[in-house]
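Let me begin by presenting the structure, written as structure tokens, before commenting on it.
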Amino acid sequence: MASIFTKIISGKIPCYKVAENDDFFAFLDINPNAKGHTLVVPKKEVNRLFDLDEDTYSKLMEFSRKIAIALEKVVPCERIGMSVIGLEVPHVHVHLIPLNAMEDIQFKKKVSLAPEEFGKIAKLISEAL
Ligand code: AMP
């Protein structure tokens, strides 16, 4: 069965899209640790990060870097943190999270954003690429 992220990539489930190329798709996390929390996903559905082939793995990091640089231009923060977990969604994804304190990366502190705020921040990141 297709993962929820495959359904997002194919447009069957809505998302706040940030960027896309032939191989990767970036969109806002719906339950963000911080404003601008973005997920970067390979279109190829693979469960575990280190099972990706070397080329996809390297390109995922390259694409994530571009998104992180744009994100940092748009969301004031100390730095962008990167995390790969995958315990909830078994489809590789990189979390890019604006950080000001250690707790921002801990997936305990969550922020709630209105739909308009999600839309606005996704557009700003996209325009900063
Ligand atoms: P994990 O697999 O543990 O890395 O966590 C999966 C992440 O995906 C969580 O941070 C969720 O908030 C996020 N997530 C799950 N469903 C969606 C969705 N439909 N749109 C955006 N983010 C999602």
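The values are calculated or read from the model by the stated rules, or taken from the named source; none is laboratory data. Not measured: the values here are computed from a predicted model. Quick reminder, even Gly has a Cβ in these numbers, built from the backbone with ideal geometry, and neighbours come from all protein chains shown. For the accessible areas, the whole protein counts, side chains as well, though only heavy atoms, and no ligand, DNA or RNA atoms are used. Shrake-Rupley method; radii C 1.70, N 1.55, O 1.52, S 1.80 Å.
Numbers below:
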| read-out | value |
| --- | --- |
| Stokes-Einstein diffusion coefficient of region 37-80, Kirkwood radius over Cα pairs, 20 °C, 1.002 mPa s, in µm²/s | 184 µm²/s |
| Å² of accessible area per residue within the chain, as computed with a 1.4 Å probe and no ligands counted | 58 Å² |
| Measure of compaction for the chain (Cα Rg per 2.2 N^0.38 Å) | 0.98 |
| Radius of gyration and maximum dimension Dmax of region 58-129, Cα, Å | 12.7, 34 |
| Cα-based helix-to-principal-axis angle, 115-128 vs the chain, degrees rounded to 10 | 80 degrees |
| Signed unit charges on C-beta, dipole axis of the chain, positive-most listed residue Gly86, Phe25, Leu124 | Leu124 |
| Magnitude of the charge dipole, the chain, Cβ model with Lys/Arg +1 and Asp/Glu -1, debye to 20 | 340 debye |
| Centroid-to-centroid separation of region 62-129 and region 27-45 [C-alpha atoms, Å] | 7 Å |
| Once exposed loop GluC sites (Glu not before Pro) are cut out (DSSP; at most 12 other Cβ, 10 Å), longest piece of the chain | 1-77 |
| Contour excess over end-to-end distance, with Cα ends at Glu117 and Ser58 and 0.36 nm allotted per residue | 18.1 nm |
